[in-house]
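Student: I am attaching a structure below and will ask some questions about it afterwards.
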């Protein structure tokens, strides 16, 4: 069941060098029960990437925007273990959607911010991750209808063999799931070995997300980010 993902913006796959991070994050193993590791800092590219390297990510809440978390347990989708339901398989085989990679990053993240159920994607987060995308550290998968409408997508951070999936959206049934399939197939084609979805929910669990202890996640993370990023050339 092949889903061809067209890479539209190759430069987003080659990360540019960043300045050293100004901050030192605490060891996430000693965070409080909520997973909160630190507060403050900034959303500069080097700060966000340093956080991901340490198993931490920004997660704004109503009581503060610059909050940094490392949940216990941590949710991942094991590469090669994606669950595709019969209905989703039919959707993939129908050819209803076209999938691209890095063709409309800003549109995807803004659509994630506009979901009716609410979101943590603030304007500062949008600006920060769009900058990361321009620097080659953040990627998106877009799902389009046959008439060219953006039906769904997801975005996340790529560091070596890590893809930290941040948020997804859909305006057409199954479109965000198609984006997830595209991501997981990209992982199998390239050096991605750890797909982090942070906190499990019914949507990701239905596609194969599992929870692992934070200590195990940090061990896998260290191995993943040590891998050089790779891509598969596709015309």
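Student: Return yes when residue 99 is under 18 Å from residue 174 (Cα atoms), in contact (Cβ under 8 Å) with a residue 24 or more places away in the chain, part of a strand (DSSP E or B) and touching a helix residue (DSSP H, G or I) at 6+ places or on another chain (Cβ under 6 Å) and no when it is not.
Tutor: Yes: the conditions hold for residue 99.
Student: Go over the candidates 221, 162, 183 one by one and state the one that is more than 15 Å from residue 71 (Cβ to Cβ) and in contact with a helix residue (DSSP H, G or I) (Cβ under 9 Å, 6 or more places away or on another chain).
Tutor: Going through 221, 162, 183 in turn, the sole match is 162.
Student: In this structure, does residue 138 turn out to be farther than 21 Å from residue 22 by Cα and modelled with pLDDT of 95 or more?
Tutor: The answer is no for residue 138.
Student: Return a yes/no flag: does the stretch 102-112 have any residue that is in contact (Cβ under 8 Å) with a residue 60 or more places away in the chain, in contact with a helix residue (DSSP H, G or I) (Cβ under 6 Å, 6 or more places away or on another chain) and either part of a helix (DSSP H, G or I) or surrounded by 15 or more Cβ atoms within 10 Å (Cβ to Cβ) (or both).
Tutor: yes
Student: Next question, about the same structure. Within the stretch 17-93, which strands (runs of 3 or more DSSP E) (wholly inside it) include 2 or more residues that are within 27 Å of residue 183 (Cβ to Cβ)?
Tutor: Strands (runs of 3 or more DSSP E) meeting the threshold: 67-69, 74-76.
Per-residue answers, yes or no, for (1) surrounded by fewer than 20 Cβ atoms within 10 Å (Cβ to Cβ); (2) closer than 19 Å to residue 225 by Cα; (3) out of contact with any helix residue (DSSP H, G or I) (no Cβ under 8 Å at 6 or more places or on another chain); (4) in contact (Cβ under 8 Å) with a residue 24 or more places away in the chain:
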{"position": "48", "(1), (2), (3), (4)": "no, yes, no, yes"}
{"position": "54", "(1), (2), (3), (4)": "no, yes, no, yes"}
{"position": "65", "(1), (2), (3), (4)": "yes, no, no, yes"}
{"position": "68", "(1), (2), (3), (4)": "no, no, no, yes"}
{"position": "80", "(1), (2), (3), (4)": "yes, yes, no, yes"}
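Student: Mind counting the residues in the stretch 82-96 that are over 30 Å from residue 56 (Cβ atoms) and either in contact (Cβ under 8 Å) with a residue 24 or more places away in the chain or in contact with a strand residue (DSSP E or B) (Cβ under 8 Å, 6 or more places away or on another chain) (or both)?
Tutor: 9
Student: Still on this structure, I have one more. Does residue 107 qualify as being under 18 Å from the mean Cα position of the chain (by Cα) and at pLDDT 95 or above?
Tutor: Yes; evaluated as a whole, the condition is true for this residue.
Student: Sticking with this one: Inspect all residues belonging to the stretch 140-149 and state whether any of them is out of contact with any strand residue (DSSP E or B) (no Cβ under 6 Å at 6 or more places or on another chain) and either buried (at least 22 other Cβ atoms within 10 Å of the Cβ) or assigned to a strand (DSSP E or B) (or both).
Tutor: So far as the stretch 140-149 goes, no, none of its residues is out of contact with any strand residue (DSSP E or B) (no Cβ under 6 Å at 6 or more places or on another chain) and either buried (at least 22 other Cβ atoms within 10 Å of the Cβ) or assigned to a strand (DSSP E or B) (or both).
Student: Taking residue 232, is it over 15 Å from the mean Cα position of the chain (by Cα), modelled with pLDDT under 95 and surrounded by fewer than 19 Cβ atoms within 10 Å (Cβ to Cβ)?
Tutor: Here the answer is yes, as residue 232 does meet what is asked.
The values are calculated or read from the model by the stated rules, or taken from the named source; none is laboratory data. Remember, predicted model here, so these are calculated numbers, not experimental data. Glycine gets a Cβ as well: all are built from the backbone with ideal geometry, and neighbour counts include every protein chain shown.
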